[in-house]
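Here's the structure, in structure tokens; my notes come after.
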Amino acid sequence: MDKILIVKNVVKYYHDKVDTLALNNVSFDLEKGIVCSIYGQSGSGKTTLLNLLGGLDSFDSGEIIVDNQNISKLNDDELSFFRNQKIGFIFQFHYLISEFTILENILMPYLILNKKTNKEIINKAKELADIVNIEDVLEKYPDYISGGERQRAAICRALINDPSIILADEPTGNLDSKNTEIVMDLFLKINKIKKTTFIIVTHDEKIAYKSQKIIELKDGQIVSIRENK
Amino acid sequence: MTNKFKMLEFFIAFRFLKYKLFRSLIIILAISIGIAVQFFVAIIIDSTQANLIKRTLGYSSHITIKPFDNDKINTKIKNPENFLKNLDLNNFKKIVASVEGGVLVYDFSGKEEKSAKLIGFNNLLDKDLYGLEENLIIGEKNIKNGEALIGYGVYDDLKLNLNDFISIRNNIGDFKGVKVIGVFKTGNQLTDNYILMNKEEVQDFLGFKRYEYSSLLFQVNNVFDSDKIKRQILNNYNYPYEIYEWKEKNKQLLNGLSAQSTSSIFIQFFILFSISISIFSIINMKIVEKYKEIGVLKALGMKNKKITLVFIYMSFILGISSVILGLIFAFLILNLFTNLVKNEQGLPLFDIVIKTNYFIATVLFNIFSIALAGYLSSRKISKIEPSKIIIGG
């Protein structure tokens, strides 16, 4: 199977008044099209690792190769392009932009690069909305829909550019159990339909066990990598 | 939906402002008041200055060529048309060859007398120096032999009426009777004590030949250039006459005008400075308010330069709206001012003068300063780290 992600001996320090080791020689790889959880308690380094995988932060040594692209060699503009094309982010908080409709929010990653819409992309957005059951709220603004609907809209936004990887940081952290179930089922459904690779950061074992691969972190180091058949 | 995203950064900026519309309108209103004050003060100062210049210099000579007081040989200016051959006439608004002399004026009864200046003139360039067309208050301005136009000072002091006869007496005691056919009022005390008659009659009465004159009077297009033009005249021709320009004889007026111009510039500068500081602070505030949105846009792949452009557009939108509204306010206030503040005749105190080029330049400079303030405050955007804002936040 193709490798979508290769992480080799990555070391990350937070350079404040004191240098703090956040990730210590982390290495792993991922096949294309799988759902992977990065599991660990608070402070284990899982969010730091996600930041690095998404090109949102830099690291001190090692290599990260995403879809055959070594992101440590990219400059700011190239990283922006990389994030736009290769990565879809789903955050714990939806971070939809209140000033735009749900449809405009979903299209935003596409608009950043293309600066115009066409029937094709709008239909694609509507299809995604349909998959996640928010087709009725596309013309509404985020403040006027429920928390679950907002998170589903964020999922659509993450998918609009057909990214190589979806990075989800505690995506169900702000949701009730019903919506948590809905969102996880959606991830698995989208993974099945579109073969999109998911990396989900979570401290919740139940969510981790829905994934095909679980990488457990503790104190900035990988303690185990398990295949979940 | 297709076209509105062509300028995505502008679209985002507009939406950011539109979302908290009331607050955006308050910001625009506040800045526009500053701009209104800036333009109002500038226009009022420019107008009072222009009116002052018009009143003191509008119907006076800016550059004068006349014989030296002590010169026994060149006591009169001969054939003044020859002087024009060496001059760049583009510098001048009006050129008049004047024959003049001090006289005593008597009313018809001979009881009331007054000193005045008798003038006959020959317009060498453009209309008359004394603005008879706009300054005539009664009667007519076409003087024939035996007729005179008198200034309001003479008319009022001698308590004359239109068509009255007056006697004028020259310095050798000769008398001449003339009929008053018109009265003019320039608002300048000096000019309003003139008596204007046919040039030939004045030349005969004061002992001048037809080609002889007392002085050559010039009005320049820009009064503040009179010293420069005087030097050009001196360079071009070796006159055996005295040449002086208005600044040499009106140092107090000049100082007053300079002070007025300087204070206008200072006031405008400081108002514009405070407006720019306000915009700088407002955009800074907006950036802080939008930290999360900025982080999200970066995470979605928007480049730093493009995000910076969003905030420059915001300051641009705020700036243009404020300038437009400020101009409207300025003109409303001006209108109110000119309608409320009037002289004893019930007319506005002065005419409003707007220097178009300067006005346009100020508007553009305002907009540029505001946009620059927006740019400077948005430079911090590149330092915002999305990882710190959105993940784990």
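The values are calculated or read from the model by the stated rules, or taken from the named source; none is laboratory data. These figures come from a predicted structure and were not determined experimentally. Reconstructed Cβ throughout: ideal geometry from the backbone, glycine too, with neighbour counts over all protein chains shown. Just so you know, the surface numbers come from the protein's heavy atoms only, side chains and all, with ligands and any DNA or RNA stripped out. Shrake-Rupley method; radii C 1.70, N 1.55, O 1.52, S 1.80 Å.
Key figures
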read-out: Long-range lysine pairs (8 or more apart or interchain), region B:90-139, Cα under 27 Å; value: 5
read-out: Alpha-carbon centroid distance for the pair region A:29-78 / region A:102-137, whole angstrom; value: 27 Å
read-out: Where A meets B: accessible area buried, both sides, 1.4 Å probe, Å²; value: 3000 Å²
read-out: Chain B, accessible surface, carbon-and-sulfur percent (1.4 angstrom probe); value: 57 percent
read-out: Efficiency of FRET from Cβ geometry, residue A:114 and residue B:52, R₀ 56 Å, rounded to 0.05; value: 0.35
read-out: Among beta bridges that DSSP assigns inside chain A, antiparallel share in %, nearest 5; value: 55 percent
read-out: Virtual paramagnetic centre 7 Å along Cα→Cβ of residue B:274, amide N under 11 Å, in region B:11-40; value: B:34-35, B:37-38
read-out: Cα-Cα over 29 Å, subset of A:46/A:86; A:73/A:210; A:119/B:388; A:8/A:218; A:3/A:140; value: A:73/A:210; A:119/B:388; A:3/A:140
read-out: Histogram of C-alpha separations across region B:271-329, 5 Å bin width, %; value: 4, 16, 23, 23, 14, 10, 7, 3, 1
read-out: Per-residue [θ]222 nm for chain B (sum of -39500 (n - 2.57) over DSSP H runs n ≥ 4, rounded to 500); value: -16500 deg cm²/dmol
read-out: Accessible area of chain B divided out per residue, in Å², using a probe of 1.4 angstrom; value: 50 Å²
read-out: Set of lysines near residue B:251 by C-alpha distance (under 17 Å), chain-local residues within fewer than 8 positions excluded; value: B:54, B:228, B:230
read-out: Antiparallel DSSP beta bridges within chain B, as percent of all bridges there, nearest 5; value: 85 percent
read-out: Span per principal axis, largest first, for the Cα atoms of region B:30-84 (Å); value: 69, 24, 14
read-out: Cα coordinate range in chain A, projected on the principal axes (Å, largest first); value: 47, 41, 38
read-out: Hits among lysines - C-alpha to C-alpha of residue A:116 under 18 Å, sequence gap 8 or more where chains match; value: A:124, A:126, B:4, B:6, B:303, B:306
read-out: Proximal charge balance of residue B:185 [Cβ under 14 Å; K/R count +1, D/E count -1]; value: -3
read-out: Alpha-carbon spread of region B:75-239, three principal axes, descending order, Å; value: 52, 31, 23
read-out: Calculated on alpha-carbon atoms, Rg and Dmax of region A:137-193 in Å; value: 11.6, 31
read-out: Theoretical FRET efficiency, 1/(1+(r/R0)^6), r = Cβ-Cβ of residue B:137 and residue B:108, R0 22 Å, to 0.05; value: 0.60
read-out: 0 to 90° range, to nearest 10: angle between helix B:356-378 axis and chain B longest Cα axis; value: 20 degrees
read-out: Computed lengthening from residue A:13 to residue A:225, 0.36 nm per intervening residue step minus Cα-Cα distance; value: 74.0 nm
read-out: DSSP bridge orientation in the protein assembly as shown - percent antiparallel, rounded to nearest 5; value: 70 percent
read-out: Segment residue B:163-residue B:79, extension gain: residue separation times 0.36 nm, minus the distance between their alpha carbons; value: 26.8 nm
read-out: Spacing of the two label points (7 Å from each Cα toward its C-beta) at residue B:227 and residue B:20, in nm; value: 5.3 nm
read-out: Over 41 Å [Cα-Cα, the protein assembly as shown], rounded percent; value: 53 percent
read-out: Residues losing 10 Å² or more accessible surface upon assembly, region B:1-31, compared with the chain by itself, 1.4 Å; value: B:1, B:2, B:5, B:6, B:8, B:9, B:11, B:12, B:15, B:16, B:19
read-out: Ellipsoid semi-axes in whole angstrom, largest first, where each is sqrt(5λ) of the Cα gyration tensor of chain B; value: 65, 23, 15
